[in-house]
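Colleague: Can you keep this structure in mind? I'll have questions shortly.
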Amino acid sequence: MLKAVTIISLNMDPVRKTPFIILKEIEGEQMLPIWIGLLEATVIASEIEGVRFSRSMTHDILKNIIDMTDSKVNRVEICDLRDNPYYALVHLTNRDKALSIDSRPSDAIALALRSQAPIFVSEELLKKYDQIEATEEDLPADKSKQGKKWQDILEKLKSEDFGKYKT
């Protein structure tokens with residue numbers, strides 16, 4: 001079963017120094033963070049903010065090709081997590097033929113935003129993420145000096161410390 005999600009924020013992880021997206025169920029409370037590359041974050045942020053560049057970005061070109069070949073992006077599905085990377089599928093139709101194309105989640109999301117296509121997450125993936133999160137919470141706390149330092153930093157963070165791109 002698939003759950004419709006929306007992007008609730010695009011943030012910068014202060015520890016990993018890596019951007020991440022937080023997807024949230026439209027009809028629920030579950031959330032899923034997905035760490036992405038800086039270039040992909042820029043592409044997604046530019047679409048969220050309505051920024052247009054003088055030259056087409058790769059995702060704009062892909063959307064133009066899809067449109068010019070009488071195809072349509074029906075939905076994007078973040079479908080799996082294996083050995084840390086997430087996996088996604090772009091579902092499209094071309095002249096009544098259904099196609100599913102493997103994609104990185106960040107590319108799929110950038111394309112969904114440009115195509116105004118809905119984004120879904122598989123229920124199984126949300127359950128898998130919940131299990132990972134629970135396992136991490138069960139780990140013993142890092143009592144070292146370095147661990148205490150990071151705990152203090154994280155506890156003092158405010159929402160505005162995570163980046164300016166909020167939806």
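Colleague: Given the criterion touching a residue at least 12 places away in the same chain (Cβ under 8 Å), out of contact with any helix residue (DSSP H, G or I) (no Cβ under 6 Å at 6 or more places or on another chain) and farther than 19 Å from MET1 by Cβ, identify the matching residue among ILE34, ILE21.
Modeller: Values: ILE34 fails: out of contact with any helix residue (DSSP H, G or I) (no Cβ under 6 Å at 6 or more places or on another chain).
After applying the criteria, what remains is ILE21.
Colleague: Mind checking which residues of region 1-36 are assigned to a loop (DSSP other than H, G, I, E, B), among the hydrophobic types (A, V, I, L, M, F, W, C) and more than 14 Å from the chain's Cα centre (by Cα)? Quick ask: steps written out before the conclusion?
Modeller: At the first step, the residues of region 1-36 found to be assigned to a loop (DSSP other than H, G, I, E, B) are 1, 14-17, 26-30, 36.
Cutting the leftovers down to among the hydrophobic types (A, V, I, L, M, F, W, C) gives us 1, 15, 26, 36.
Once the filter is applied, which keeps residues that are assigned to a loop (DSSP other than H, G, I, E, B), among the hydrophobic types (A, V, I, L, M, F, W, C) and more than 14 Å from the chain's Cα centre (by Cα), region 1-36 yields MET1, VAL15, ILE26.
Rule-based calculations on the coordinates, nothing more; no lab input. The structure displayed is predicted, hence computed values, not measured ones. Note that we place each Cβ from the backbone using ideal geometry, even for glycine, and neighbour counts take in every protein chain shown.
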